[in-house]
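**Student:** Dropping a structure here in structure tokens format, bear with me for questions.
The values are calculated or read from the model by the stated rules, or taken from the named source; none is laboratory data. If you're wondering where the values come from, they're calculated on a predicted model, not measured in any experiment. All Cβ positions, even for glycine, are placed from backbone atoms using ideal geometry, and neighbour counts span all protein chains on display. To get the accessible areas, we keep the full protein, side chains included, count just its heavy atoms, and leave off ligands, DNA and RNA. Shrake-Rupley method; radii C 1.70, N 1.55, O 1.52, S 1.80 Å.
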Amino acid sequence: MECAHNFAYAEEEDEDLGMDLFGGEEEKKQVSKPSDSKMHVRSSSIEMLPNPQQKARSHPQRCQVDTNVVEINLNCLQQDFQLATGEPMFCSTCSCVFNSFSHYVRQEQNIVWTCEFCGTINNLQIEDEEIPTVAELTYVVESAGEVAEARHGTDDNSAIIFCIDISGSMCVSKAVSGNLNLKTNKQQELMKLAGLDEQEQHMPGERRDITYVSRLECVQGAIESQLKELKHGASNRRVGIVTFNGEVRVIGDGRADEVIAGDRLYSYDNISKAFEGRFESLMGRRVGETAEELIAKVYQLEEGGPTALGPALLASIILAAQGGAGSKVIICTDGLANVGLGSLELGLEETSEAFYAELGRFASEKGISVSLISIEGEECKLERLSTITELTNGDILRVQPEHISEEFANILSDNVIATHVSLTVILHKALYFRNEDAADLSWNKSRLNKKIGNATASSSVTFSYGLKQNAILLREGIDKNKLKEVPMQSIIRYSSLNGMKCVRSITRIQPVTFDLNQARQDAKFDILARAGTRQAAKMAMDGRFEAAKEHAQLWKEKLQEQVVNEEQEMELNALEADLMEINEGVENQKQLERDMGIAFEEDIDVAELKNERRKNYGDDFTSKFKGLFKKKKRNN
């Protein structure tokens, strides 16, 4: 858990108005405002005060940006950890974990702990050796043997399923610079059949340094590259191939040739039962042994027919689930699912979205990540498919065909390190979370709960916080001027890849300052930049386009005020590039809506706006903003 600044900057915030823009709150009483709309500037935030003569809004349009930002990197779950003795002890009021910063007194066999977060007095039955002595502890409820195995690591033999679209549209070709040495080249094959010499088949003025490649050829080359990498770098993994067009074909590790077609494409039970309990026969061999055979099978694939994406995805997940936690399914498609379960043809979207959500929940429960690569050129209704990638913490990407190999590599390199991950973050009762969904908040907005699902080494969560209103502090008996430091704690519940259930507690004490200049010293710009990008992207995904643009601009201005060195300048430049993408993506989507003859008022309920607007999100919008929301650390 890393803070963007060395100090918590404490200034009273207009909490009730500030939260509405970012995810909805219970209805508030209307507050009287000055007669003229104006910009009011404070040292901790910039707010827009609306004209009271304008239409009343259930969610006032007020933007705030906050440099009180904390980031939790979930790669801590794979790092060396200190095991705690006993079980975690929780405060009876705020549910924080008894920790090394806690103040207590021993009374005979019990200790009396006055909670540093809420002030509650707790009586704990705890032995001296169970009292935490470090800020980070992992509690494991398993046998000593399993703990030892986890600490020494296990051999990665999880499964990877490449689920490949071979429908008719995959034959579409494009010109790519350079003379590529492809194992399959449709243009050359046609010329040979016609008895023509390829070298003589150029029109006057036509470039001779380009190659026409089909979408399927790009996928074939990308999978060959990844199979070779896996053969040498992860030879114990099980890798399988599933293809789909008007039917689903399971090639598995190269030995199988199972086909699902006709009415069976519409039966969840039929497809599930066809592959349950058959992992060893279909996927039993390791990629170190099967790579060359699979490459040969991949290059035998030919395009044709419609797109049974849903049934293929179901078959892939059923197989991957038998490979164990940490397995991956990577779908590569270029068109709309239009056959069998999950068809996204007009009128079937709602039912099919529920199907993909059900698959996502099943995959998440089994510790499987599902990623989707969409090839640019056709619309796939990615927004409807995105539920499954969100539930499994997979990626959703839209790429040019020639870049597929790079994206395969990125997905495969980001391994799942823990499953069933949930995160609870607790702040001192004087503080509250900002820019978070109301459904995720409790204990007077000082406790945040998030379900993560699968965590990878690059997974991280950022959040911002502020000081509660003076009236609230007074009710709690808190004099903000006497606040010298505030505690923060993250509690991560997760299962390791070998099935151990663990609780990791991380506690930090943050000094408090009322001096903005002091708060800004030694700012970690990378954390601030990611927070700004993620918050603006979330607003856009929630349908609050204008708020996203305004918020992005305010983040840019806030960070520009703090730049003092070249490294921070680089992070600011990266943020500005992200914010340009946000503005461009929002404007493109608004133009798409205008072309469709629809318009939205952004002053309606957040959930209602999101549900209505997302039905029309284009694939570029979906892939762009979901990628920005999962913004990862920049490689320098």
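**Student:** Out of the residues in segment 434-446 meeting the condition of being at pLDDT 95 or above and assigned to a strand (DSSP E or B), tell me which one is surrounded by the most Cβ atoms within 10 Å (Cβ to Cβ).
**Tutor:** L441
**Student:** Please work out which residue is surrounded by the most Cβ atoms within 10 Å (Cβ to Cβ), limiting yourself to segment 378-395 and to residues that are out of contact with any Ser or Thr (no Cβ under 7 Å at 6 or more places or on another chain) and of a type in the set (V, I, T).
**Tutor:** Looking at the filtered set, the residue picked out is I388.
**Student:** Q322 is checked against (1) open to solvent by 40 Å² or more (accessible area, probe 1.4 Å); (2) touching a residue at least 60 places away in the same chain (Cβ under 8 Å); (3) under 15 Å from R249 (Cα atoms); (4) touching a Gly at 6+ places or on another chain (Cβ under 9 Å) and fails just one. What number does that condition carry?
**Tutor:** For Q322, the failing item is (3).
**Student:** Can you find, within segment 516-535, the residue that is most open to solvent (accessible area, probe 1.4 Å) among those that are outside any loop (DSSP other than H, G, I, E, B) and polar (S, T, N, Q)?
**Tutor:** Per the stated criteria, the residue is N517.
**Student:** Now a separate question. Return the only residue of N454, N449 being surrounded by fewer than 22 Cβ atoms within 10 Å (Cβ to Cβ) and assigned to a strand (DSSP E or B).
**Tutor:** N449
**Student:** Checking S405 against (1) touching a helix residue (DSSP H, G or I) at 6+ places or on another chain (Cβ under 6 Å); (2) open to solvent by less than 20 Å² (accessible area, probe 1.4 Å); (3) in contact (Cβ under 8 Å) with a residue 40 or more places away in the chain; (4) part of a helix (DSSP H, G or I), which test does it fail?
**Tutor:** (2)
**Student:** Could you say whether any residue in segment 613-628 is of a type in the set (D, E), out of contact with any strand residue (DSSP E or B) (no Cβ under 9 Å at 6 or more places or on another chain) and modelled with pLDDT of 90 or more?
**Tutor:** no
**Student:** Can I ask one more? Does A418 satisfy being open to solvent by 10 Å² or more (accessible area, probe 1.4 Å), under 29 Å from L497 (Cβ atoms), touching a residue at least 24 places away in the same chain (Cβ under 8 Å) and among the small types (G, A, S)?
**Tutor:** no
**Student:** What number of residues within segment 349-367 satisfy the criterion of being open to solvent by 80 Å² or more (accessible area, probe 1.4 Å) and either under 22 Å from E612 (Cβ atoms) or not charged (D, E, K, R) (or both)?
**Tutor:** 2
**Student:** Next question. Test each condition in (1) surrounded by fewer than 12 Cβ atoms within 10 Å (Cβ to Cβ); (2) at pLDDT below 55 for A150 and report the one that comes out false.
**Tutor:** Evaluating A150 over (1) surrounded by fewer than 12 Cβ atoms within 10 Å (Cβ to Cβ); (2) at pLDDT below 55 leaves (1) as the failure.
**Student:** So which residues in segment 441-464 are within 16 Å of A531 (Cβ to Cβ) and without any contact (Cβ under 8 Å) to a residue 60 or more places away in the chain?
**Tutor:** L448, K450
**Student:** Being under 30 Å from Y139 (Cα atoms) and open to solvent by 10 Å² or more (accessible area, probe 1.4 Å) is true for just one of S464, S460, S490. Which residue is that?
**Tutor:** Only one candidate qualifies: S460.
**Student:** Anything in segment 244-273 that is under 18 Å from I368 (Cβ atoms) and free of Cβ contacts under 8 Å to residues at least 60 places away in the same chain? List them, or say none.
**Tutor:** Residues satisfying the conditions are D253, S272.
**Student:** When only residues in segment 560-613 that are touching a residue at least 60 places away in the same chain (Cβ under 8 Å) and β-branched (V, I, T) count, which is surrounded by the most Cβ atoms within 10 Å (Cβ to Cβ)?
**Tutor:** Out of the qualifying residues, it is V606.
**Student:** Moving on. Determine which single condition G335 fails, assuming it passes every other condition in (1) in a loop (DSSP other than H, G, I, E, B); (2) at pLDDT 95 or above; (3) closer than 23 Å to G168 by Cα; (4) not hydroxyl-bearing (S, T, Y).
**Tutor:** For G335, the failing item is (2).
**Student:** Those residues that are of a type in the set (S, T, Y), in contact (Cβ under 8 Å) with a residue 60 or more places away in the chain and open to solvent by 30 Å² or more (accessible area, probe 1.4 Å), I need them from segment 222-243; list them, please.
**Tutor:** Of all residues in segment 222-243, those of a type in the set (S, T, Y) come to 225, 235, 243.
Remaining after also requiring in contact (Cβ under 8 Å) with a residue 60 or more places away in the chain: 225, 243.
Within segment 222-243, S225 is the sole residue that qualifies.
**Student:** Could you say which residue among K624, K632, K538 is within 18 Å of the chain's Cα centre (by Cα), open to solvent by 60 Å² or more (accessible area, probe 1.4 Å) and of a type in the set (D, E, K, R)?
**Tutor:** Of K624, K632, K538, the one residue that is within 18 Å of the chain's Cα centre (by Cα), open to solvent by 60 Å² or more (accessible area, probe 1.4 Å) and of a type in the set (D, E, K, R) is K632.
**Student:** Among I604, I598, which is more than 26 Å from the chain's Cα centre (by Cα), closer than 23 Å to K381 by Cα, modelled with pLDDT under 95 and β-branched (V, I, T)?
**Tutor:** I598
**Student:** Continuing with this model, one more query. So which residues in segment 451-481 are basic (K, R) and over 19 Å from N68 (Cα atoms)?
**Tutor:** Scanning segment 451-481 gives K451, R475.
**Student:** So which residues in segment 121-136 are of a type outside the set (D, E, K, R) and surrounded by 15 or more Cβ atoms within 10 Å (Cβ to Cβ), if there are any at all?
**Tutor:** Result: N122, L124, I126, I131, P132, A135.
**Student:** Same structure, new question: Is it the case that some residue within segment 318-337 is among the acidic types (D, E) and over 23 Å from the mean Cα position of the chain (by Cα)?
**Tutor:** No, the conditions are met nowhere in segment 318-337.
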